[in-house]
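Colleague: The structure's right below; bear with me while I get my questions together.
The values are calculated or read from the model by the stated rules, or taken from the named source; none is laboratory data. On a predicted model such as this, the values are computed, not experimentally measured, just so you know. Because the Cβ atoms are built from the backbone with ideal geometry, glycine has one as well, and the counts that use them run over all protein chains shown. SASA here: full protein model, heavy atoms, side chains in, ligands and nucleic acids out. Shrake-Rupley method; radii C 1.70, N 1.55, O 1.52, S 1.80 Å.
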Amino acid sequence: MTAGEEERALVAQIEGHLLLAATREEGRRAAARLANRVGWLTAAQRADLEGYFEAEYLGLARTSWRRTSERGEQLRREYETRYRSLRQRLLACFLLTCALLAATVLLTLTA
């Protein structure tokens, strides 16, 4: 692995940790808001509810991230295939144009 690849991998890993930490904090805040709406809970019940809600929140976020990543990969493959096809067509048109120009020049010179 080159130094540039290592740096990109490290930055991606740090971004992942920051995203996970931010999502956990969002889950904690959402769990606290939910528990505040249910005023009759005991402290233990409140802690259980908050823990469960936070875990569910994080699980849903991970599922969403996975789906987004899979869709991104699918789109990348589709666009790469389309780009490759267009590039081949462009090359074929360019070569055909060159051949036609060469034939025209040869015909003009021999006439």
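Colleague: Using the alpha-carbon atoms, what tilt in degrees (0 to 90, nearest 10) does helix 3-37 show relative to the longest principal axis of the chain?
Modeller: 40 degrees
Colleague: Next up: Roughly how many Å² is the accessible area per residue of the chain, as a whole number, for a 1.4 Å probe?
Modeller: Dividing the accessible area of the chain by its residue count gives 85 Å².
Colleague: Right, here's the next one. Once you have the Kirkwood Rh of the chain from its Cα pairs, apply Stokes-Einstein at 37 °C and 0.692 mPa s and quote D in µm²/s.
Modeller: 166 µm²/s
Colleague: Give me the percent of the accessible area of the chain that comes from carbon and sulfur atoms, probe 1.4 Å, all protein chains in place.
Modeller: Ligands and nucleic acids excluded, carbon and sulfur reach 62 percent.
Colleague: Something else: Helix 43-110: angle to the longest alpha-carbon principal axis of the chain, degrees 0 to 90, nearest 10?
Modeller: 0 degrees
Colleague: Right, next: Just grab the label-to-label distance for residue 19 and residue 95, each label 7 Å out from Cα along the Cβ direction, in nm (one decimal).
Modeller: Simple spin-label model gives 4.2 nm for this pair.
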